[in-house]
1. What are the residue pairs meeting all of these: first residue in region 104-128, first residue buried (at least 16 other Cβ atoms within 10 Å of the Cβ), second residue in a helix (DSSP H, G or I), Cβ atoms under 7 Å, and 6 or more apart or on different chains?
2. Would you check which residues across region 56-69 are in contact (Cβ under 8 Å) with a residue 12 or more places away in the chain and part of a loop (DSSP other than H, G, I, E, B) and list them?
3. Residues of region 153-204 being under 29 Å from residue 139 (Cα atoms) and assigned to a helix (DSSP H, G or I), which ones?
4. Quick one: in region 71-84, of everything that is more than 15 Å from residue 102 (Cβ to Cβ) and in contact (Cβ under 8 Å) with a residue 24 or more places away in the chain, which residue is nearest to the chain's Cα centre (by Cα)?
5. Condition first: in contact with a helix residue (DSSP H, G or I) (Cβ under 9 Å, 6 or more places away or on another chain), touching a residue at least 12 places away in the same chain (Cβ under 8 Å) and surrounded by 14 or more Cβ atoms within 10 Å (Cβ to Cβ). Now tell me which residues in region 158-179 satisfy that.
6. With the requirement that a residue be modelled with pLDDT of 90 or more and either part of a loop (DSSP other than H, G, I, E, B) or crowded, with 19+ Cβ neighbours inside 10 Å (or both), what does region 76-92 give you?
7. Looking only at region 48-55, decide whether some residue is touching a strand residue (DSSP E or B) at 6+ places or on another chain (Cβ under 9 Å) and assigned to a helix (DSSP H, G or I).
């Protein structure tokens, strides 16, 4: 899993990078808020970011605000690093869009626990997104069989949107999860099969 670090202090940045790398994460480093904001907007950007509250350019809390107003970044999990530890500052950070916070100087095991919690949430969000896409795909298939289907009154072929005609079984199979098992209904048995059997018997 990729994690973005946005920290202008060299010592703190090095310590964060070392610890996260030791814990098995792929770490992307930025030295200020402007660089972090650009990295978050790239394709395949990290879904978890550790941001220093106070940085040159855009600070961490402003990145959170911008991300929460951007539909592409609303699922990113943000952890704020801050020397502020009074309740009002914590509330301000969370209301701005941060998901969690760690006070400086941070304790390694606390940071590890908070990062693990964030990673679990990111993983669950990813799984949920995949399930939603699967459901949307299944629903799209079902919807293709809704509404009016042009069908030939004689041969029972179905006309698609490109004005091509298909056998009923082929069309339904391609546009749904249904499968056919052929049999003979009583009416058709009497009308066709029984008639043919009677004709054969009369020949002997």
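The values are calculated or read from the model by the stated rules, or taken from the named source; none is laboratory data. Please read all numbers here as calculations on a predicted model, not as lab measurements. Because the Cβ atoms are built from the backbone with ideal geometry, glycine has one as well, and the counts that use them run over all protein chains shown.
1. Pairs found: 111/19.
2. Within region 56-69, 56, 57, 58, 59 qualify.
3. 168, 169, 170, 171, 172, 173, 174, 175
4. Of the residues in region 71-84, the ones more than 15 Å from residue 102 (Cβ to Cβ) are 71-76.
Next cut, in contact (Cβ under 8 Å) with a residue 24 or more places away in the chain only: 72-73, 75-76.
Details: 72: 11, 73: 12, 75: 10, 76: 12 Å.
Here the answer is 75.
5. 158, 175
6. Scanning region 76-92 gives 76, 77, 78, 79, 80, 81.
7. We begin by selecting, within region 48-55, every residue touching a strand residue (DSSP E or B) at 6+ places or on another chain (Cβ under 9 Å); these are 48-55.
With assigned to a helix (DSSP H, G or I) added as a condition, the list becomes none.
Within region 48-55, not a single residue is touching a strand residue (DSSP E or B) at 6+ places or on another chain (Cβ under 9 Å) and assigned to a helix (DSSP H, G or I).
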